[in-house]
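The values are calculated or read from the model by the stated rules, or taken from the named source; none is laboratory data. As the structure is a prediction and not an experimental result, all values here were calculated from the model. Cβ atoms come from the backbone with ideal geometry, glycine included; neighbour counts cover every protein chain shown.
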Amino acid sequence: MKNPIPNSYLNNLEPYRGGKSKLSGIETIFKLSSNENPFGPSELVIDAYNKAINDITIYPDPLNDELINKISDFYSIDSKGILCGCGSDEILHLLARAYLSGNDEAIVSENCFAVYPLAIKASGARVIRAKEINFKTQIQSILGLINNATKMIFLANPNNPTGTIISYDEIIELHSKLPSNILLVLDEAYAEYVKVESHKNYFDLVNNNNNVVITRTFSKVYGLAGLRVGWAYCPKDVVETLSRLRIPFSVNSTAQKVAVAALDDQNHVINSVRHNTDWLSKMELELAGLGFSVTPSSCNFLLIEASSNLDFSADEVYDFLCSKGIIVRQMHEYNLPNFLRITIGTGEANKLVISSLKELMK
């Protein structure tokens with residue numbers, strides 16, 4: 001008897017692995033491996049969550065009307081161009097599934113978010129990586145890789161796991177030189193953390209073109225990672241296409257209600273961003289002073305390298321921090337074995353990271 005045979009291009013597909021979240025034998029643990037908001041959700045969100053429990057026996061609104069209208073009002077964008085998903089990850093996978101097939105190529109930056117290659121490979125298409133300089137996306141590198149097989153470009157700005165950002169003008173230049181049949185996907189999961197004064201949103205790119213999609217998430221600054229709520233702003237025909245593929249009820253009823261409440265509490269966002277901005281610069285200075293090579297970041301994390309003048313590898317640093325109850329992210333999955341990514345945590349967590357590393361260096 002023969003077994004069912006999956007598509008051959010799935011044989012070498014490695015599943016996504018999130019940051020470690022548990023340590024045995026340690027009472028107090030600070031999880032700084034997944035770029036979550038260390039303050040969690042706001043009180044307004046918690047109240048909305050508790051009220052939403054009353055409706056968990058009822059199927060959620062499959063059209064996400066209340067949440068879509070809230071997003072539309074908040075950002076002053078067309079509700080007909082908004083699609084919600086089970087995290088932005090679902091939408092990224094749907095985009096690859098809809099617009100890629102076995103003979104196609106999709107371009108990503110050299111050190112891109114791990115979900116992009118997964119989504120591309122799961123569609124049977126080929127992943128093409130554009131070289132970076134100092135972990136920063138290079139527009140000319142991307143443009144130089146475009147050929148007749150290119151159908152999509154996935155670009156995070158700012159980027160995970162590097163934290164680097166490119167300018168608004170560079171994005172505009174990239175898009176202006178793209179053939180109209182190539183879909184540009186701009187992932188702005190960390191947009192709320194950006195403090196670069198010249199940074200702008202790209203909603204008008206969607207309004208004025210048919211080949212740009214912007215994805216956003218409630219998992220980061222809004223503190224709703226566990227509820228899985230993401231959304232995209234798309235040309236209307238893209239929304240129609242993805243709606244045909246999306247599973248019914250992909251955003252649960254509690255998630256929809258809580259995301260609406262999260263948008264209503266911008267004080268929580270402001271306070272979270274202010275804390276992140278303050279500690280990002282402090283942590284960068286402290287870690288650089290200890291001998292690590294630190295990549296400047298516009299996100300809520302830092303990518304650091306155990307540079308050659310240190311006596312410890314990244315794995316040894318990781319193990320020592322774990323012994324102190326601090327979980328950071330190893331970068332083997334990203335082919336950066338001597339690097340670690342550290343989320344900006346609470347003041348207590350950040351101070352413990354610094355004191356622990358100082359202890360190690362002694």
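Across the stretch 153-204, the number of residues qualifying as more than 19 Å from the chain's Cα centre (by Cα), assigned to a loop (DSSP other than H, G, I, E, B) and within 29 Å of Gln266 (Cβ to Cβ) comes to 2. Can Ser272 be described as outside the structural domain of Tyr75 (by TED's automatic domain parsing), on the phi < 0 side of the Ramachandran plot and in contact with a Gly (Cβ under 6 Å, 6 or more places away or on another chain)? So Ser272 does not fit the description; no.
Out of curiosity, is Pro62 surrounded by 13 or more Cβ atoms within 10 Å (Cβ to Cβ), in contact with a Pro (Cβ under 6 Å, 6 or more places away or on another chain) and modelled with pLDDT under 95? Considered against the rule, which asks whether it is surrounded by 13 or more Cβ atoms within 10 Å (Cβ to Cβ), in contact with a Pro (Cβ under 6 Å, 6 or more places away or on another chain) and modelled with pLDDT under 95, Pro62 comes out as yes. Just a yes or no: is a residue in the stretch 24-47 in contact with a strand residue (DSSP E or B) (Cβ under 6 Å, 6 or more places away or on another chain), of a type outside the set (Lys, Arg), more than 30 Å from Arg126 (Cα to Cα) and surrounded by fewer than 16 Cβ atoms within 10 Å (Cβ to Cβ)? Scanning the stretch 24-47 turns up no residue that is in contact with a strand residue (DSSP E or B) (Cβ under 6 Å, 6 or more places away or on another chain), of a type outside the set (Lys, Arg), more than 30 Å from Arg126 (Cα to Cα) and surrounded by fewer than 16 Cβ atoms within 10 Å (Cβ to Cβ). Among the residues of the stretch 335-353, those identified as buried (at least 19 other Cβ atoms within 10 Å of the Cβ) and either assigned to a helix (DSSP H, G or I) or among the acidic types (Asp, Glu) (or both) are Ala349, Asn350, Leu352, Val353. Please verify whether Ala52 is surrounded by 17 or more Cβ atoms within 10 Å (Cβ to Cβ) and outside the structural domain of Ser141 (by TED's automatic domain parsing), treating the condition exactly as stated. Yes, satisfied. Within the stretch 286-318, the set of residues being within 25 Å of the chain's Cα centre (by Cα) and acidic (Asp, Glu) comprises Glu305, Asp315.
Scanning the stretch 279-334 for residues being closer than 30 Å to His199 by Cβ, part of a helix (DSSP H, G or I) and of a type in the set (S, T, N, Q) gives a total of 1. Number of residues in the stretch 59-109 that are out of contact with any Cys (no Cβ under 7 Å at 6 or more places or on another chain) and either at positive phi or of a type in the set (Gly, Ala, Ser) (or both): the value is 12.
Tell me, yes or no, whether the stretch 263-285 has at least one residue that is aromatic (Phe, Trp, Tyr) and over 21 Å from the mean Cα position of the chain (by Cα). Checking the stretch 263-285: not a single residue is aromatic (Phe, Trp, Tyr) and over 21 Å from the mean Cα position of the chain (by Cα). If you go through the stretch 191-213 and keep only what is without any contact (Cβ under 8 Å) to a residue 24 or more places away in the chain and either outside the structural domain of Ser176 (by TED's automatic domain parsing) or more than 18 Å from Ile166 (Cβ to Cβ) (or both), you end up with just Asn208. Scanning the stretch 18-42 for residues that are over 24 Å from the mean Cα position of the chain (by Cα) and without any contact (Cβ under 8 Å) to a residue 40 or more places away in the chain gives Ser24, Gly25. Mind checking which residues of the stretch 335-356 are of a type in the set (Lys, Arg) and closer than 30 Å to Ser109 by Cα? If the condition is that a residue be of a type in the set (Lys, Arg) and closer than 30 Å to Ser109 by Cα, then Arg341 is the only one that fits. Residues of the stretch 206-242 that are closer than 18 Å to Asp169 by Cα and surrounded by 21 or more Cβ atoms within 10 Å (Cβ to Cβ): Val206, Val212, Val213, Ile214.
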